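Chemist: Take a look at this one; I'll ask things after.
Just so it is clear, none of the values below were taken in a lab; they were calculated from the coordinates. Because the structure is a prediction, the values reported are computed rather than measured. Ideal geometry is used to build each Cβ from the backbone, glycine not excepted, and the neighbour counts take in all protein chains shown.
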Amino acid sequence: MRMLHDRHPAEQVICQGAYEYRTNGASTGHVEHWQATRLPSGAEVLRVDLDGRQSANGASLLAHLKRNPDGQPAWLRLHFEQGDQRAAAQYNFEGAEVHITRQAVGELRSQETLDIAEGYQIDFHPVIAHDFPWRGYPMHARGKRWSMAVFSPDLWLDTPQVMSGRALRYDIKPGEPETCETPAGVFEATRVFEVTLSDGVTATGWYDEFGIPLRWFYPQKDYDFVLVSYERN
């Protein structure tokens, strides 16, 4: 697993695993390895290596996310590669703002601030990052649909704008608990959420008792992201 920053000796590994990306039941060549750790302060770090070097589009993403002890995101660093394109960015999360510093190879460094609704969640593309449904869905919604503010870096823009961010709205609705079977095991009574993205595409996510995504499925596109290995300490 490639990492943007190596683990500090004081970090304790909480869990780690991998996802396989599939389309129409066949592997796309993308494999996502991830590891979650905890610092003595109670802060948590998530490292992700989304490796697409064997895929058709060749896109790869390295991510390093730090969460405060209260679970709120502190900052996120990304390094994106696709063909000759290389770009890196850091996102600092505060109140109702996201402060963005980004640079692509051959371009000047850019700094900007994005205004967003308070209480927003983040979606930075890897499957392990899709924990926003359970983090942001409030108990008082009582099973009804909920409109959630989400910040998401944009990886697919032309070079001058790559890694900029967007303030989005997702509709989230919890479902009934289900058994979810993956190559990593059989998980009973999983939490299930139906998510409608800002472009109208729908997805279903299954989560274990610790909030780890077990599977993400997009029925309209037949994209299926499945947990293939999983270890907890």
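Chemist: With +1 on the Cβ of every Lys and Arg and -1 on the Cβ of every Asp and Glu, and nothing else charged, how large is the dipole of region 122-194 about its Cα centre, in debye rounded to the nearest 20?
Modeler: The calculated dipole for region 122-194 is roughly 420 debye.
Chemist: Considering only Trp216, Trp146, Trp206, give the residue with the highest GNM mean-square fluctuation for the chain, with springs between Cα atoms whenever their separation is below 10 Å.
Modeler: Highest fluctuation among the options: Trp146.
Chemist: Something else about it: How much length, in nm to one decimal, is gained on full extension between Asn92 and Asn24, taken as 0.36 nm per residue of separation minus their Cα-Cα distance?
Modeler: 20.8 nm is the gain from fully extending Asn92 to Asn24.
Chemist: Here's something else I'd like to know. Report the gain in length on full extension from Ser55 to Met1: 0.36 nm times residue separation, minus Cα-Cα distance, nm rounded to one decimal.
Modeler: Fully extending the segment from Ser55 to Met1 adds 17.8 nm.
Chemist: Which one of Gly119, Trp206, His130 has its Cα pushed farthest toward the positive end of the charge dipole of the chain, where Lys and Arg give +1 and Asp and Glu give -1 at the Cβ?
Modeler: Gly119
Chemist: Could you give me the ³J(HN,Hα) list for region 214-220, computed from phi with Karplus coefficients 6.51, -1.76, 1.60 and θ = phi - 60°, whole Hz, x at Gly and Pro?
Modeler: These are the phi-based 3J(HN,Hα) values: 9, 7, 10, 10, 10, x, 5 Hz.
Chemist: Return a whole-number percent for the relative contact order of region 1-116, with Cα pairs under 8 Å and 6 or more residues apart as the contact set.
Modeler: Relative contact order for region 1-116 comes out at 15 percent.
Chemist: Considering only Phe93, Ser229, His79, whose Cα is most displaced toward the positive end of the charge dipole of the chain, charges sitting on Cβ of Lys, Arg (+1) and Asp, Glu (-1)?
Modeler: Highest projection toward the positive end goes to Phe93.
Chemist: Here is a follow-up. Suppose we flag trypsin sites (Lys or Arg not before Pro) only when DSSP calls them loop and at most 14 other Cβ atoms lie within 10 Å. Which is the longest uninterrupted stretch of the chain?
Modeler: 146-220
Chemist: Could you tell me which of rounded, prolate or oblate describes region 152-217, using a ≥ b ≥ c as the square roots of the eigenvalues of the alpha-carbon gyration tensor, with rounded for a/c under 1.5 and, failing that, prolate when a/b is larger than b/c and oblate otherwise?
Modeler: prolate
Chemist: Please give the charge dipole size of the chain, origin at the Cα centre, charges +1 on K and R Cβ atoms and -1 on D and E Cβ atoms. Round to the nearest 20 debye.
Modeler: With only Lys, Arg, Asp and Glu charged at Cβ, the dipole is about 220 debye.
Chemist: Starting from the Cα gyration tensor of the chain, take the square roots of the eigenvalues, sort them a ≥ b ≥ c, and report rounded, prolate or oblate (rounded when a/c is under 1.5, otherwise prolate if a/b is larger than b/c, else oblate).
Modeler: Here the chain falls in the rounded category.
Chemist: Follow-up question, since we're still on this one. Which of Gln220, Gln16, Gln85 moves most in a GNM of the chain, Cα contacts under 10 Å?
Modeler: Evaluated over the chain, the most mobile residue of the options is Gln220.
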